[in-house]
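Participant: Supplied in structure tokens, the structure appears directly below.
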Amino acid sequence: MTHTTTETTVDLSRLPRRARTESLKLNKRLRRLVGQAIQDYRMIEHGDRVMVCLSGGKDSYTMLDILLQLRDKAPVDFEIHAVNLDQKQPGFPEHILPEYLADLDIPYTIIEQDTYSVVKRVIPEGKTMCSLCSRLRRGALYTFAAEHGYTRIALGHHKDDIVATFFLNLFFGGRLAAMPPKLRSDDGRNMVIRPLAYCRERDIASYAEERAFPIIPCTLCGSQDNLQRQQVRRMIADWERSDPSRIEHIFTSLCNVQPSQLADRVLFDFANLGGRNAPDHDWLMPGTASTAE
Ligand code: SF4
């Protein structure tokens, strides 16, 4: 039996029966979760031109693969255009993505921009380069999307990324913030979507392995995640071993925020909770008393 999708063909008949069932279940689960996220956040609508950002990692390959499957069945018409930014890291295998995308027979663009040299020039030797590198990558992709009229930019971040970002901001950034499934970019020009927002990294890893995507590592530049990100990754990996449902609980919490139970005075009007005739509290703040002797 051959399980055919728009973009890749996996010969399931070679797998033992149980593995075949698991494989079909995994594919179905990912499709369901991506479809659910798209629906919940109205990520893609009729007529959208979706620019799918492909890095060559397991996440973006999986995102493209699942989006192509969903597009074929979707009741709405939308366009998919794959884009890779070749950042000119030494040793980057330039042929892999064009060959993969040509096989899929879908429109794609490889943008060439030497952000690697910029990062090397600006970041001192031995320091992590990922933050600037990602910023430059984002800038190049957002500019391309705006100039070419793409109405959505699809990024391959998943549930584990969202939870990890939440803890990075919580522990080291002094704010409660994660990575939203849908976001208007700061300059207002682009709408960013994360169709894998409901998917677990372990499922994506299994899927990528099964599909034998031609993975390009993101470590060619020799840079490492910074220490804070490594700490958070370790913490989440430990939880994963001891309490696999914890990530699910945390993500559910991110979808169920109660501003009145936190302490953000901008998000919730605590000051006026007492009613219209609330007394003047200037006297509580030394140096700001409204009456002087
Ligand atoms: S590992 Fe290298 S290519 Fe990947 S984000 Fe970091 S600096 Fe950029």
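Every read-out reported here was derived from the displayed coordinates using simple, explicitly stated rules and does not represent laboratory data. Bear in mind that the values here come from a model prediction, so they are computed numbers and not experimental data. Because the Cβ atoms are built from the backbone with ideal geometry, glycine has one as well, and the counts that use them run over all protein chains shown.
Participant: What shape does region 2-257 take by its C-alpha gyration tensor, where a ≥ b ≥ c are the square roots of the eigenvalues and a/c under 1.5 counts as rounded, a/b above b/c as prolate, and the rest as oblate?
Facilitator: In terms of gyration-tensor shape, rounded.
Participant: For residue 246 and residue 143, FRET efficiency with R0 = 45 Å and r from the beta-carbon atoms, rounded to 0.05?
Facilitator: Once the sixth-power term is evaluated, E becomes 0.70.
Participant: Now, a different point. Using Cα centres only, tell me the gap between region 119-146 and region 32-46 in whole Å.
Facilitator: Here the answer is 29 Å between Cα centres.
Participant: Another question, then. Calculated FRET efficiency, residue 269 and residue 184, Cβ-Cβ r, R0 35 Å, to nearest 0.05?
Facilitator: Result of the calculation: an efficiency of 0.90.
Participant: How big is the gap, in Å, between the Cα center of region 191-234 and the Cα center of region 79-113?
Facilitator: Cα centres, region 191-234 to region 79-113: 18 Å.
Participant: Just to confirm the number: angle between the C-alpha axis of helix 159-168 and the first principal axis of the chain, 0 to 90 degrees, nearest 10?
Facilitator: 30 degrees
Participant: Same structure again: Over region 174-293, what is the relative contact order in percent, taking alpha-carbon pairs closer than 8 angstrom and at least six residues apart?
Facilitator: Computed value for region 174-293: 7 percent relative contact order.
Participant: While we're looking at this one, here's another question. Given a cut-off of under 8 Å on Cα pairs at least six residues apart, what relative contact order in percent is computed for region 13-158?
Facilitator: 28 percent
Participant: In the structure shown, do any of 120/182; 58/182; 28/88; 25/88 have a Cα-Cα gap over 29 Å, and if so which?
Facilitator: From 120/182; 58/182; 28/88; 25/88, over 29 Å: 120/182; 28/88; 25/88.
Participant: Viscosity 1.567 mPa s, temperature 4 °C: Stokes-Einstein D of region 1-132 from its Kirkwood Cα radius, in µm² per second?
Facilitator: Stokes-Einstein gives a translational diffusion coefficient of 75 µm²/s.
Participant: While we're on this one: If contacts are Cα pairs under 8 angstrom and at least 6 residues apart, what is the relative contact order of the chain in percent?
Facilitator: 20 percent
Participant: Using θ = phi - 60° and the Karplus form 6.51 cos²θ - 1.76 cosθ + 1.60, what ³J(HN,Hα) does each residue of region 202-207 get, whole Hz, x for Gly and Pro?
Facilitator: After applying 6.51 cos²θ - 1.76 cosθ + 1.60, I find 5, 5, 5, 4, 5, 4 Hz.
Participant: Calculate the FRET efficiency for residue 94 and residue 262 from the Cβ-Cβ distance with a Förster distance of 35 Å, rounded to the nearest 0.05.
Facilitator: Working from the Cβ atoms, E equals 0.15.
Participant: Would you list which aspartates and glutamates come within 15 Å of residue 127, measuring only between C-alpha atoms, while excluding same-chain residues fewer than 8 positions from it?
Facilitator: 225
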